[in-house]
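Down below is the structure, laid out as structure tokens.
Where a number appears in this text, it was derived from the coordinates with a stated rule and is not lab data. The structure displayed is predicted, hence computed values, not measured ones. Every residue, glycine as well, gets a Cβ built from its backbone with ideal geometry; the counts of neighbours run over all protein chains shown.
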Amino acid sequence: MLLPFAARAQKVTNQRIYDTIPFIPEHTPVRIAKFAKEPIVTGRVIFLGNSITEMGDWKKATGDTTVINRGIGGDITYGILKRLKDITDRQPSKVFLLIGINDIGKDIPDSVIADNDLKIVRGIQSKCPQTKIYVESVLPVNSTIPNFPQHYDKEQHVVALNKLLKANAAEGGYTYVDIFHLFTDSHGRLKSELTYEGLHVKPPAYIIWVNYLKKKGYL
């Protein structure tokens, strides 16, 4: 079953919408308010991102009940930059960042997205120098799946952005994690059996994802 924000994301128009407002602005304050009510506990693992992160049951997938989910449906890099204090106040041991597909959907240039990722990383590093930061590749999409959301049929930008994220790893002092390859079919698209509508992934995908992070020694 799709979450409400995933369904709403399909109703946008085809107009050019390069801006810095998340796709579902009304959802952001709801999540922010929820985060604010949670006690500040330091030294945890945080998964940070948009709806793909929010929809993940990270506690179950990782087997770690202390993992923190900081995904907000519809969010973009500009949104995460605005809410970094919630992350840095918690002095996490590790941050797994996955962001960019909604930026791509808004026609934000790949170079701007990658630069914003660097700003996010540096913002965390400046307050939490001990935190290990993992920047994950943007996942593939599959526009051949029924009900594929508009604005996301931009596979070439996903590939281009991932190349930039990988190239910036040394400069940014973060670990680049290629999870793109875990979910691609023979045509380079998101595997149909792992997705609802070609954008969001189903629960089994999170198990594959976490198992890979553990295999690489990141978790």
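Worth a mention:
- A Förster radius of 25 Å, combined with the Cβ-Cβ distance separating VAL41 from LYS132, puts the computed FRET efficiency at roughly 0.90.
- In this structure, the amide hydrogen of LYS132, modeled 1.01 Å from its nitrogen in the peptide plane, lies closer than 5 angstrom to those of LYS94, VAL95, counting only residues at least 5 positions away or on a different chain.
- Bridge type composition, the chain - antiparallel percent by DSSP, nearest 5: 10
- Percent RCO, i.e. relative contact order, over the chain, from Cα pairs under 8 Å lying at least 6 residues apart: 21
- Prolate/oblate/rounded call for the range 35-153, Cα gyration tensor, a/c under 1.5 rounded: oblate
- Ranking GLY71, VAL159, ILE24 by how far each Cα lies toward the positive end of the dipole of the chain (charges on Cβ) leaves GLY71 at the top.
- Answer label for Cα extents along the principal axes in Å (calculated), chosen among (1) 42, 35, 35; (2) 98, 43, 30; (3) 59, 43, 32: (1)
- In this structure, ASP107 and TYR218 have a Cβ-Cβ separation that, at R0 = 41 Å, corresponds to a calculated FRET efficiency of about 0.85.
- 222 nm mean residue ellipticity, helices alone, for the chain (DSSP H n ≥ 4; -39,500 (n - 2.57); rounded to 500): -11000 deg cm²/dmol
- Taking all Cα pairs closer than 8 Å and separated by 6 or more residues, the relative contact order of the range 69-156 comes to 37 percent.
- Computed FRET value (nearest 0.05) for ARG122 with ILE32, which takes r as the C-beta separation and R₀ as 22 Å: 0.50
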